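Q: Attaching a single structure in structure tokens format; questions to follow.
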Amino acid sequence: PGGGARVLAKLKKARGTLLSSTAFPGGGGKAQLRVVPEAPEDLVAAAKVSGLHIAGRKECFFVQGDDHVGAAHDVLTRLADAGINCVAANGCAAAGGTFGMVIFVKPGDLPNAERVLFG
């Protein structure tokens, strides 16, 4: 208990700003923490200063907008209609009637997904 809080405390102290974080069991009594930093280079520097190990880098999209019934469905449908498979996604509602969503696609689909999501 408290492992995630300890890691996030180190990032907070190093001023690492996150758009999203998700923690889940990694097996063998360990956990994985996936973070989406506002500035990836700042996260790398914060991790070094804090003695944290970054296991790897994956590119993803952070989509946000006005929340409404079906907001996540609308985003994922645009990708599906373009023939782009969503590998993983995590979304939530936010204050002020907004939502945010982190979307992972296969590396080869990054350019097309960017076009579909952001025009």
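The values are calculated or read from the model by the stated rules, or taken from the named source; none is laboratory data. Please read these numbers as outputs of a predicted model, since none were measured by experiment. When we count neighbours, we look across all protein chains shown, and the Cβ atoms used for this are built from the backbone with ideal geometry, even at glycine. Note: accessible area is taken over every heavy atom of the protein model, side chains too, but ligands, DNA and RNA are not part of it. Shrake-Rupley method; radii C 1.70, N 1.55, O 1.52, S 1.80 Å.
Q: Out of (1) in contact with a Phe, Trp or Tyr (Cβ under 9 Å, 6 or more places away or on another chain); (2) surrounded by 11 or more Cβ atoms within 10 Å (Cβ to Cβ), the odd one out for Ala82 is which?
A: Among (1) in contact with a Phe, Trp or Tyr (Cβ under 9 Å, 6 or more places away or on another chain); (2) surrounded by 11 or more Cβ atoms within 10 Å (Cβ to Cβ), the lone unmet condition for Ala82 is (1).
Q: Can you list residue pairs whose Cβ atoms sit under 8 Å apart, with the first residue in the stretch 16-31 being over 15 Å from Ala55 (Cα atoms) and touching a residue at least 40 places away in the same chain (Cβ under 8 Å) and the second being of a type in the set (Gly, Ala, Ser) and surrounded by 12 or more Cβ atoms within 10 Å (Cβ to Cβ)? Count only pairs 6 or more apart in sequence or on different chains.
A: These pairs meet every condition: Leu19/Gly100; Ser20/Gly100.
Q: Also, quick follow-up: Across the stretch 60-75, what is the total count of residues that are free of Cβ contacts under 8 Å to residues at least 12 places away in the same chain and among the aliphatic types (A, V, I, L, M)?
A: Going through the stretch 60-75 one residue at a time, the tally reaches 1.
Q: Let me ask you something else. Considering only the stretch 85-117, how many residues are open to solvent by 40 Å² or more (accessible area, probe 1.4 Å) and either touching a Ser or Thr at 6+ places or on another chain (Cβ under 7 Å) or in contact (Cβ under 8 Å) with a residue 40 or more places away in the chain (or both)?
A: Number of matching residues: 4.
Q: Out of all the residues in the stretch 57-68, is one or more over 16 Å from Phe104 (Cα atoms), charged (D, E, K, R), at pLDDT 90 or above and open to solvent by 60 Å² or more (accessible area, probe 1.4 Å)?
A: yes
Q: State yes or no: is Thr17 hydroxyl-bearing (Ser, Thr, Tyr), open to solvent by less than 80 Å² (accessible area, probe 1.4 Å) and either over 21 Å from Cys86 (Cβ atoms) or at pLDDT below 85 (or both)?
A: The answer is yes for Thr17.
Q: Quick check: is even one residue across the stretch 39-48 closer than 26 Å to Ala5 by Cα, surrounded by 12 or more Cβ atoms within 10 Å (Cβ to Cβ), touching a strand residue (DSSP E or B) at 6+ places or on another chain (Cβ under 6 Å) and at pLDDT below 95?
A: Yes, because at least one residue in the stretch 39-48 is closer than 26 Å to Ala5 by Cα, surrounded by 12 or more Cβ atoms within 10 Å (Cβ to Cβ), touching a strand residue (DSSP E or B) at 6+ places or on another chain (Cβ under 6 Å) and at pLDDT below 95.
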